[in-house]
Structures are given as structure tokens and as C-alpha cells.
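S.K.: Handing you this structure, nothing more for now.
Please treat every number below as a calculation from the coordinates, not as lab data. Quantities reported herein were computed from a predicted structural model and do not represent experimental measurements. So basically every Cβ, Gly included, is an ideal-geometry build from the backbone, and we count neighbours across all protein chains shown.
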Amino acid sequence: MKTLVKKLMYSAPKKMQKNHLTFSEKQVEELKNSLESNYLDRGDTKSRLTKQEYDRALNGQLFERLAYNRNRIAPWLNSIKGLKGANILEIGCGTGISTLALSEQGANVTGIDVDEGALNVAKDRMKMAGFDTELHLMNADEIKENFKTKKFDFIIYYAVLEHMTIKERLSSLKQAWDILPEGSFLSVIETPNRLWYYDSHTAAMPFYDWLPDELAFYYSKFSDRKNFKDSYRELNDDNMMKFLRWGRGASYHEFEIAIAPLKDLNVVGSLMQFEKTTLFKAGIKGMRHIKFLKSLNKNLHSGFCYPYLDIVLKK
């Protein structure tokens, strides 16, 4: 764990580290079994992955992603508003990794996800940690009808906007903004930026997120990702939807349409600025690209210029 934290180039403040829970070997084994039965072994996942890839995925779910959230995401959000006592709606809570990292800092998290298997793991994870967390099987565009009477300090989209259709994104973002009280925050985490020149999320190819969906569908055969490039040849509604669920980048355009014009979007934080890792993450070419994007629109916050959208907006 110490090696991993050093690799991340960031670690949580000591006062936050004191809240990090420790799982026994028995609990880790139980969580591993839950992950395998509910999440990792579904469909043909195991047959599509090498043993090394499978073990890496399992290790990520058990350890690496938790360290990432504890040492990067939680401190960043805590710098915007203290997590202790904060009421959070987490959209795309998945297997509960980020849910745990936020909860152990005193946040009251309500999580939703469309993946029932992932939610079952989240329930097991949170129960093992001693939290009675409210978790719902729910679409992101159903939040207003289900949570309109609740007050949240944060609404977080965690690695989920990219897996939604444009219609779903716009509807959900508008609903989230409508139910947020004044002074509260909307955060988007780990969503690939459509404007970035390289798609590292889905196709691992340059300019891929710049392509319209239909052209990107056909062009997928040139990707080096085996499980991706061999999947899409015949274009029909079903295949296109599966293709979109793999992940397509988002940009400031969705936020302008769903929330407010760019000049009125109050971006109060971005992860790369918080960690001061812009050059490390983007490199020299990336820094030039960021400068180019900002030169095109004086209202464009740097948070909309990085490879991934890791931003917080204040209402």
C-alpha cells in the first residue's frame, strides 16, 4: 500500500489517514468472493481476460482503487467542503470503492447504479466496513423523482457520464442541478474529455472522441484493444447502444446545455489543479493542447481542458 501511494504522488493528510479502515484477511477473502460471484465472473469476462489481466482487475477492486480514492479523490473533495457530515448522492457508485472512501471520512453517502451485480458487492463492502449505506438500483435520469425532497451537499458523477447517451446525460445533469440547494456542489470525476486529442479510456487511439458516433463505431476495428476492436462490425440499434456504453467522452457542451452558459458555470476546483500535477499528467504536448483550448474561449475553465473531467461546480 505504501508503494502504491508513492506511485500516485499524493497521499491523504494524516488526519484523514487516521479514518482509513482496515479489513481482516477473512473480510478481504469474503469481499473477493463477492467480487468474483457478483461482478468479475459474469458472462464471458473470465474467458476474455488472461490470468494476469483478471488478477489485476481483482487487485484493483480490492486495493488499488481504494488507495486511489482515499489518497486523491477524498482529500480533493474535502478541500472543497469538509466531508464530515456532508450528504452526498453518488451516481455510479459501482462496487462501493469510492463510497467507502467518502463514508470513512464521515460523509453520509447515498449511492445509485444500474449494475445490480456491482451494487451487491457495494452492499457487502459497506456492511463489512460497518456502514448502513443507502444503495439503490436506479438510472441516473431518475434522480429528481426519487430524491427531490432530500438535500445534498454534493452530487457526484463518478466515472459514469461517459457511459450514458447524450439524452441521458443532459436529463440527469439538469435534474441534479435542479435538486441541488444553493451553495452545494456538483462534481464529475474520471470522465474522459471529448476535447482531448487522445482517447485513453475506450479505444486507445488519437482523436477518437472527436469522431461522430457512427464513424467511431466503424473505426473501432483499428484499435489495439482486442475486446473492443473485434466487437463492432454490423451497425444496428442494439450494437450501437452497446458501443456507446463502452464510453464516449464528454465536454463542457453538455454542462452548458443542461445547466448554464459557460461564463456562468462556477467551476471551483479541478483535481489536477488541486494536486498541481498538470505538467506531470499532461506532458509538454498536453500543456500545449491545454493552452490551445483555452485560447479559443476566454470563458473556458482549465478543468474542461485536461484529459479527464475531474471538476467541481458550485451552485
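S.K.: Let's see if you can work this out: charge +1 on each Lys and Arg Cβ, -1 on each Asp and Glu Cβ, no other charges. What is the dipole magnitude of the chain about its Cα centre, in debye to the nearest 20? Walk me through the numbers before you get to the answer.
M.R.: Numbers: 47 positive and 40 negative charges, 305 e Å.
The dipole magnitude comes to about 1460 debye.
S.K.: Still on this structure, please answer the following. Determine which lysines satisfy two conditions relative to Lys298: a Cα distance under 17 Å, and not lying fewer than 8 residues away in the same chain.
M.R.: Partners within reach: Lys263.
S.K.: Another question, if that's okay. Looking at Gln27, Leu49, Ile80, which one has the Cα that reaches farthest to the positive end of the dipole of the stretch 1-142 (charges on Cβ: Lys, Arg +1; Asp, Glu -1)?
M.R.: Value computed over the given set: Ile80.
S.K.: When the chain is fully extended, how far beyond the present Cα-Cα distance does Arg245 get from Asn146, taking 0.36 nm per residue of separation? Each step should come with its number before you reach the end.
M.R.: Working: separation 99, 0.36 × 99 = 35.64 nm, distance 2.38 nm.
33.3 nm is the gain from fully extending Arg245 to Asn146.
S.K.: Sticking with this structure for a sec: State log₁₀ I(q)/I(0) for the stretch 83-194 at q = 0.21 Å⁻¹ as given by the Debye formula over alpha-carbon point scatterers of equal weight, solvent excluded.
M.R.: Once normalised to I(0) and log-transformed, intensities are -1.17.
S.K.: While we're on this one: Give, as a single signed number, the net charge of other residues whose beta carbon lies under 13 Å from the beta carbon of His301, with Lys and Arg counted +1 and Asp and Glu -1. The partial results should precede the final answer.
M.R.: Working: positive: Lys263, Lys294, Lys298, Lys314; negative: Glu256, Asp264, Asp310.
That sum, taken over residues with Cβ under 13 Å, equals +1.
S.K.: Which of the helices in the chain, when you take each full DSSP H run, stretch at least 27 Å along the axis at their Cα atoms and have an average Kyte-Doolittle score of -1.0 or higher?
M.R.: On the way: long enough: none.
For the chain, where a helix must reach 27 Å along its axis and average at least -1.0, there are no hits.
S.K.: List the lysines whose Cα lies under 17 Å from the Cα of Lys127, skipping any in the same chain that are fewer than 8 positions away.
M.R.: Lys26, Lys32
S.K.: Rounded to whole Å, give me the distance from the Cα center of the stretch 17-79 to that of the stretch 245-315.
M.R.: First find each Cα centre; the distance between them is then 28 Å.
S.K.: What do the square roots of 5 times the Cα gyration tensor eigenvalues come to for the chain, in whole Å, largest first, as semi-axes of the equivalent ellipsoid?
M.R.: Numbers: eigenvalues 152, 130, 86 Å².
Calculated on Cα positions only, the semi-axes equal 28, 26, 21 Å.
S.K.: Longest segment of the chain with no GluC sites (Glu not before Pro) in a DSSP loop having at most 10 other Cβ atoms within 10 Å? Working shown, then result.
M.R.: Details: sites that count: Glu182, Glu234.
After excluding every exposed loop site, the longest remaining stretch is 1-181.
S.K.: Please sort by residue number the chymotrypsin sites (Phe, Trp or Tyr not before Pro) in the stretch 138-214 whose DSSP state is loop and whose Cβ has at most 13 other Cβ atoms within 10 Å. Working shown, then result.
M.R.: Working: sites: Phe147, Phe152, Phe154, Tyr157, Tyr158, Trp177, Phe185, Trp196, Tyr197, Tyr198, Phe207, Tyr208, Trp210; in loops: Phe152, Trp196, Tyr197, Phe207.
Sites meeting the loop and neighbour criteria: Phe207.
S.K.: Considering only Cα-Cα distances, which of the following residue pairs are longer than 32 Å: Lys150/Lys226; Lys18/Lys314; Lys167/Lys291?
M.R.: On the way: Lys150/Lys226 44 Å; Lys18/Lys314 29 Å; Lys167/Lys291 30 Å.
Among Lys150/Lys226; Lys18/Lys314; Lys167/Lys291, the Cα-Cα distance tops 32 Å for Lys150/Lys226.
S.K.: Determine the calculated [θ] at 222 nm for the chain from helices alone, applying -39500 (n - 2.57) to every DSSP H run no shorter than 4 residues and normalising by the residue count; nearest 500 deg cm²/dmol. Don't jump to the answer; show the numbers that get you there.
M.R.: Numbers: 17 runs with 138 residues, N = 315.
Taking each H run of at least 4 residues, the total per residue is -12000 deg cm²/dmol.
S.K.: Just tell me which lysines come within less than 20 Å, Cα to Cα, of Lys221; anything on the same chain fewer than 8 places away is out.
M.R.: Lys229, Lys242
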